[in-house]
Amino acid sequence: MEIEEFVENFAGQFVDTDLNVFSKDTVFHELDEYSSLIALMVISMIDEVYGVTVEYDDMAAAVTIEDLFNTVKRLKGEQ
Amino acid sequence: MTEAYNPFSLAGKTVLVTGASSGIGRATAIECSRLGATVVATGRDEARLGETMAALTGKGHVSIQADLTKAEDVSRLVQEMPQIDGLVCNAGITRRRPISFVKEDELQEVFNTNTFACFTLTKAIMKARKMNRGGSMVFVSSMAARQVTPGNAMYAASKAAVESFARSCALEYAPMQIRSNAILPGMVETPMNNEGGLSAEAIERDKQNYLMKRYGKPEEIAWGIIYLLSDAGAWSSGTSMEITC
Ligand SMILES: NC(=O)c1ccc[n+]([C@@H]2O[C@H](COP(=O)([O-])OP(=O)(O)OC[C@H]3O[C@@H](n4cnc5c(N)ncnc54)[C@H](OP(=O)(O)O)[C@@H]3O)[C@@H](O)[C@H]2O)c1
């Protein structure tokens, strides 16, 4: 599981935001396009691609995309 | 002494409540019993069903464990249950996915539980002639059937089908003086919404969209259901009642 690929998958849920905006350090809650629907899309993407269920609380707790990546890594480790 | 006047009384009526082990179904079972009904409570979880049974007023109530998505359970339920005057088709689940991420198995699960179980249970009850003449069917749909929100497509479509099904029942069973209606609740404080995949913050924000700035309580839905089950609802059939504000 690579962080670059994760950032790419994360960015793939956005339609209007410039792809250059996304890096592991992006504070995604501050992106204009970020919404409850995008959050749900990210959760579903993680389920589909990484096979783990991230809760809304995990989304809220993560500040950067890397934080979320680490949550996914932890959940996968627990499997 | 004359009996207290109450057109909403359910005395002498037997009511089957599905999803009676939690939330709206549990409140409906309890409130029905308080208004004099004999309750037939059904759900999957024995322990939670037992908690509902313990909370009922009066005697003679029965509980029958059944998974409504299993044909054998539905036929056993209908075989074991007594004659009824009321059916509350309330069992339901929700799965939140944006349309692009809908999973086939979840879609099946939602429709099997929310929609197809209404068909199979109603059919089984009517074929077995377990519903008395003059009876009432209440199908718990949802405001979501009419007001869609992101990620709720599977649930909304399954509940829109339920609202429509209630009208079909009204038409086909009218010759037996059986009424059928749908109830469309707004958001209600039940376990469904704790696990419904919304953050606590989003829920608080959503409550502000309601005129009373809060979600409904399960009994506030039960009272609407009871109106339709009781003789007070004798001239309501083929309708949909929104309970929201
Ligand atoms: N809460 C809301 O905001 C809201 C709003 C509008 C409409 N509704 C509708 O109201 C109904 C009740 O919801 P609720 O909020 O009270 O939910 P809940 O607390 O989660 O209860 C759901 C009930 O359905 C039963 N159930 C689920 N799958 C079943 C199956 N396969 N076979 C038999 N029983 C099954 C559960 O039984 P076990 O626990 O025993 O498995 C439980 O008793 C649902 O149809 C829901 O869609 C709810």
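Brief remarks on what is shown
- Any hit, the stretch B:44-62, residues being touching a residue at least 40 places away in the same chain (Cβ under 8 Å) and touching a helix residue (DSSP H, G or I) at 6+ places or on another chain (Cβ under 9 Å): no
- Of the residues making up the stretch B:26-61, those that are touching a Ser or Thr at 6+ places or on another chain (Cβ under 8 Å) and among the aliphatic types (A, V, I, L, M) are B:A29, B:I30, B:L35, B:A37, B:V39, B:V40, B:A41, B:L49, B:M53, B:L56.
- Check on B:Y155, within 15 Å of the ligand (Cβ to nearest atom) and open to solvent by less than 50 Å² (accessible area, probe 1.4 Å): yes
- Condition check for A:T17: closer than 27 Å to B:A153 by Cβ and within 14 Å of another protein chain (Cβ to nearest Cβ): no
- All of B:E31, B:E46 fail the test of being at pLDDT 95 or above, open to solvent by 20 Å² or more (accessible area, probe 1.4 Å) and closer than 30 Å to A:V54 by Cα, apart from B:E46.
- Residue check for B:A174: under 30 Å from B:G36 (Cα atoms) and either among the polar types (S, T, N, Q) or more than 14 Å from every other protein chain (Cβ to nearest Cβ) (or both): yes
Conditions (1) within 18 Å of the chain's Cα centre (by Cα); (2) within 14 Å of another protein chain (Cβ to nearest Cβ); (3) not in a loop (DSSP other than H, G, I, E, B), marked per residue:
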| residue | (1), (2), (3) |
| --- | --- |
| B:L49 | yes, no, yes |
| B:V88 | yes, no, yes |
| B:T94 | yes, yes, no |
| B:S100 | no, yes, yes |
| B:E106 | no, yes, yes |
| B:T113 | yes, no, yes |
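- Qualifying residue in the stretch B:161-181 (condition: surrounded by fewer than 19 Cβ atoms within 10 Å (Cβ to Cβ), at positive phi and touching a residue at least 24 places away in the same chain (Cβ under 8 Å)): yes
The values are calculated or read from the model by the stated rules, or taken from the named source; none is laboratory data. As the structure is a prediction and not an experimental result, all values here were calculated from the model. Cβ sites come from the backbone with ideal geometry, for glycine too, and all protein chains shown count toward neighbours. The protein model used for the area step is the full one, side chains on, heavy atoms only, and it has no ligands, DNA or RNA in it. Shrake-Rupley method; radii C 1.70, N 1.55, O 1.52, S 1.80 Å.
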